[in-house]
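*Asks:* Attaching a single structure in structure tokens format; questions to follow.
The values are calculated or read from the model by the stated rules, or taken from the named source; none is laboratory data. Here the structure is a predicted model, which means the values were calculated and not measured. Glycine also receives a Cβ, built like all others from the backbone with ideal geometry; neighbour counts cover every protein chain displayed. Side chains included, ligands, DNA and RNA excluded: accessible areas come from the protein's heavy atoms. Shrake-Rupley method; radii C 1.70, N 1.55, O 1.52, S 1.80 Å.
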Amino acid sequence: MKDEKRGRARGNAPATGPRPGRFITFEGGEGAGKSTQIARLKDRLSAAGIEALVTREPGGSPTAETIRDLLLSGKVKPLGAEMEAVMFAAARADHVDETIRPALGAGRWVLCDRFADSTRVYQGEAGVDTAFLARLEAVAIGGYRPDMTILIDVSPDVGLSRVAARSGAAGSTADPDRFETDTREVHMRRRQLFLDLAAAEPARFVVVDGSAQTDTVAEEIWQAVRARFPVDLGHAGPAAPDADRDRIGG
Ligand code: TYD
């Protein structure tokens, strides 16, 4: 039974134990360029001898991918934002159990396209109670808080025009998903909420300007990751405050 599985899994591998892998999440609005930058970071890490696992939310495990299809199709929108939040949390719980925790436990780095901050922002902006979201998050992530979160910040005008270009590209089958079709004002509020989260947790977040050239953004992210994990990546420069000592479960 799923409940038993989660209870057993959490009991045997507490999130507060040793966790040699590093957990990096990417966040941002639509069209920020997260997938491109995740691929770039994966390549840089690989060149440094670290093979990272790339995953995404909603999704990242078979059950969570099924929930993703439902959420992005808009079929569960009639249930309301609160129940959508529950479904994002259910997908996240499975993703953590089936993909993230085993990878980190095996010492792998995990690069994740969106994670719990997306729920705080998207479902928070939709009016879901903050305390309820915090409770859902705690249950879903089971202490697996990211070591580092890279917020790729772009204005909705830039991001949405990229999304439009992507869906209009010759041969593209991409339809705008449930959340891309929201109004510009909604996208503006989400951008501000992401920036507020970053300001509230400066030790975890790095904010990069996603409107810059792809190479420039990739370089900025790489330098931030090297500074954040100097021991893993042999960074000679001044080390950033090593906030990961108290990163877990807080
Ligand atoms: P996706 O196609 O992965 O979009 P993107 O390329 O922008 O990451 O679709 C994910 C959508 O789901 C995106 O619009 C953000 C939204 N979302 C939430 O509303 N809450 C969440 O917790 C997550 C993970 C995503």
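*Asks:* Looking at the range 173-194, is at least one residue at pLDDT below 85, open to solvent by less than 60 Å² (accessible area, probe 1.4 Å) and of a type in the set (Lys, Arg)?
*Replies:* Checked the range 173-194: at least one residue is at pLDDT below 85, open to solvent by less than 60 Å² (accessible area, probe 1.4 Å) and of a type in the set (Lys, Arg).
*Asks:* Something else: Identify, from the list 26, 88, the residue that is in a helix (DSSP H, G or I) and aromatic (Phe, Trp, Tyr). Give the steps one after another, and end with the answer.
*Replies:* Details: 26 fails: in a helix (DSSP H, G or I).
From the options 26, 88, the qualifying one is 88.
*Asks:* Sort out which residues of the range 94-125 are among the aliphatic types (A, V, I, L, M) and more than 8 Å from the ligand (Cβ to nearest atom), and write them in order of number.
*Replies:* So in the range 94-125, the residues among the aliphatic types (A, V, I, L, M) come out as 96, 100, 103-104, 106, 110-111, 116, 121.
Matches in the range 94-125: 96, 100, 103, 104, 106, 110, 111.
So that you can scan it fast, the table gives a plain yes or no per residue for (1) over 16 Å from the mean Cα position of the chain (by Cα); (2) over 12 Å from residue 81 (Cα atoms):
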residue	(1), (2)
114	no, yes
119	no, no
125	yes, no
131	yes, yes
137	no, yes
142	no, yes
147	no, yes
153	no, yes
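*Asks:* Being in contact with a Gly (Cβ under 7 Å, 6 or more places away or on another chain), crowded, with 17+ Cβ neighbours inside 10 Å, modelled with pLDDT of 95 or more and aliphatic (A, V, I, L, M) narrows it down to one of 160, 151, 136, so name that one. Break it down stepwise before answering.
*Replies:* Details: 160 fails: modelled with pLDDT of 95 or more; 136 fails: in contact with a Gly (Cβ under 7 Å, 6 or more places away or on another chain).
Unique residue meeting the criteria: 151.
*Asks:* Looking only at residues that are aliphatic (A, V, I, L, M) and surrounded by 17 or more Cβ atoms within 10 Å (Cβ to Cβ) in the range 26-66, which one is nearest to the ligand (Cβ to nearest atom)?
*Replies:* Taking the range 26-66 as the starting set, the residues that turn out to be aliphatic (A, V, I, L, M) are 32, 38-39, 41, 45, 47-48, 50, 52-54, 64.
Now narrow it down to the ones that are surrounded by 17 or more Cβ atoms within 10 Å (Cβ to Cβ): 32, 38, 41, 45, 50, 52-53, 64.
Numbers: 32: 7, 38: 10, 41: 16, 45: 21, 50: 24, 52: 18, 53: 17, 64: 10 Å.
Going through the qualifying residues, I end up with 32.
*Asks:* Another question, if that's okay. Which residue out of 86, 110, 121 is closer than 24 Å to residue 163 by Cα, touching a Leu at 6+ places or on another chain (Cβ under 7 Å) and aliphatic (A, V, I, L, M)?
*Replies:* Criteria check complete, one pass: 121.
*Asks:* Looking at (1) of a type outside the set (A, V, I, L, M, F, W, C); (2) touching a residue at least 60 places away in the same chain (Cβ under 8 Å); (3) surrounded by 22 or more Cβ atoms within 10 Å (Cβ to Cβ), which is the one condition that is false for residue 95?
*Replies:* (2)
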